[in-house]
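The values are calculated or read from the model by the stated rules, or taken from the named source; none is laboratory data. A quick note: this is a predicted structure, and the numbers were derived from the prediction, not measured. Cβ sites come from the backbone with ideal geometry, for glycine too, and all protein chains shown count toward neighbours.
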Amino acid sequence: MMVSKSAGVWCCQVVQVVGLQRVDGVPSANNFAVEKCSYPSELADGNVLLKTLYLSVDPYMRCRMNEDTGADYLGPWKLGESITGGGVGVVILSNSASLCVGDVVEGFHWPWQHYAEIPADQLQKVDPSVVDDRHSLFLGAVGMPGLTALLGVQEKGHVKAGGKQTMVISGAAGACGNIAGQIAMLKGCANVIGICGLEAKCKFLTEDLQFQAAINYKTESVEKRLKELADGGVDIYFDNVGGNISNIVISQMNADSHVILCGQISQYNKDVPYPPPLPKDIEQILQAKNITRDRFLVLNYQDKFLEGIMQLASWVKTGQLKVKESVVHGLENCGAAFVSMMTGGNIGKQVVHIADL
């Protein structure tokens, strides 16, 4: 089906990076602009027209503001063009045999626009009933962050039910960290400790999610508190932040323990390779204690995605997996939402609500 030529009017908006220079250092809302763009006059063969419901902002996006993202699977945003990332929406026109009008879909290359034309083969049809019509969950607990948490713990954590293991999670109140901690407990981890930067986040982890403990790295000594809370040492570390916090945790890990190298958000504003190199003394600890620290990339486990999504959805429906979202409303606030997330302003998954179904 083609869109009528009469639809070629200025009726949607695109958020894009301002100017012709890459961001150096900490991004700000001023790095984003809202501009008009034309509604597609017709659909290319195999494409669909989508109404955006929710957009995702995630830490990896900071790398896409650089000329070199540091990852061969991730390209930089093109200056002067729409930013892309995770999104979920509904098909309103289709020129594809695989997707029909009314289908709800999610995708990884979703433009920051009210309406977007995307090739159908870049989208995945989803069943809203598995999340009780909470479409934003496909961007969080039942989406890529949830899969990253589940498969990270499952494939790299070596959790043993009844093994009395201690897991530490940095960035623990974020989209991935809070899910990883809950999954660790579901799989039998005895002592789950979260590290975050706000007292409200610490309370969320211990009171709402039942983590055994939480450390506020801004007001407490991580080294001292970790020795108190994990007096038997750390067996598993789910690393979302890197930097000095990770160095402290690794220095207290047991022999034959495991680092799940998920993210390094504290380093994303710096011009360093990914993953950033460790200090020599920390490298020596890894070697001396035979600590595994393999880079974890969830895209390497796509054969496990469907099973993982169904497991996450089941846990959410039964209440075994609790969901927390920070929701910002309006396309014009995407940039501010991204900056807030990068500076720790969110609890749980940060999403931007664009429109209702």
Taking the range 216-248 and keeping residues among the hydroxyl-bearing types (Ser, Thr, Tyr) and in contact with a helix residue (DSSP H, G or I) (Cβ under 7 Å, 6 or more places away or on another chain) leaves TYR217, TYR237
Looking at the range 201-210, can you tell me whether even one residue there is outside any strand (DSSP E or B), in contact with a Pro (Cβ under 9 Å, 6 or more places away or on another chain) and either within 23 Å of THR318 (Cα to Cα) or at pLDDT 95 or above (or both)? no
Selection over the range 213-236 where residues are assigned to a loop (DSSP other than H, G, I, E, B) and of a type in the set (Asp, Glu) yields a count of 2
Within the range 79-117, residues of a type in the set (Ser, Thr, Tyr) and outside any loop (DSSP other than H, G, I, E, B) come out as SER82, THR84, SER94, TYR115
**Asked** Would you call PRO76 surrounded by fewer than 18 Cβ atoms within 10 Å (Cβ to Cβ), modelled with pLDDT of 95 or more and in contact with a helix residue (DSSP H, G or I) (Cβ under 8 Å, 6 or more places away or on another chain)?
**Response** no
Residue hits (the range 230-241; farther than 11 Å from MET167 by Cα and surrounded by fewer than 24 Cβ atoms within 10 Å (Cβ to Cβ)) are ASP231, GLY232
_Looking for something more than 30 Å from VAL323 (Cα to Cα), in the same structural domain as GLU42 (by TED's automatic domain parsing) and either hydroxyl-bearing (Ser, Thr, Tyr) or in contact with a Lys or Arg (Cβ under 8 Å, 6 or more places away or on another chain) (or both) - is there at least one such residue anywhere in the range 125-141?_
no
* Test TYR39 against the stated conditions and say whether it is in the same structural domain as LYS349 (by TED's automatic domain parsing), touching a Ser or Thr at 6+ places or on another chain (Cβ under 9 Å) and not hydrophobic (A, V, I, L, M, F, W, C). => no
The one condition GLY75 fails out of (1) without any contact (Cβ under 8 Å) to a residue 12 or more places away in the chain; (2) farther than 29 Å from ASP239 by Cα is (2)
Those residues of the range 214-235 that are among the aliphatic types (A, V, I, L, M) and over 19 Å from ASN254 (Cα atoms) come to a total of 2
Checklist entry - Among the residues of the range 103-113, is any surrounded by 20 or more Cβ atoms within 10 Å (Cβ to Cβ), closer than 17 Å to ALA44 by Cα and among the β-branched types (Val, Ile, Thr)? => result no
Kindly check whether there is at least one residue in the range 178-186 that is surrounded by 23 or more Cβ atoms within 10 Å (Cβ to Cβ) and either touching a Lys or Arg at 6+ places or on another chain (Cβ under 6 Å) or closer than 20 Å to SER340 by Cβ (or both).
-> yes
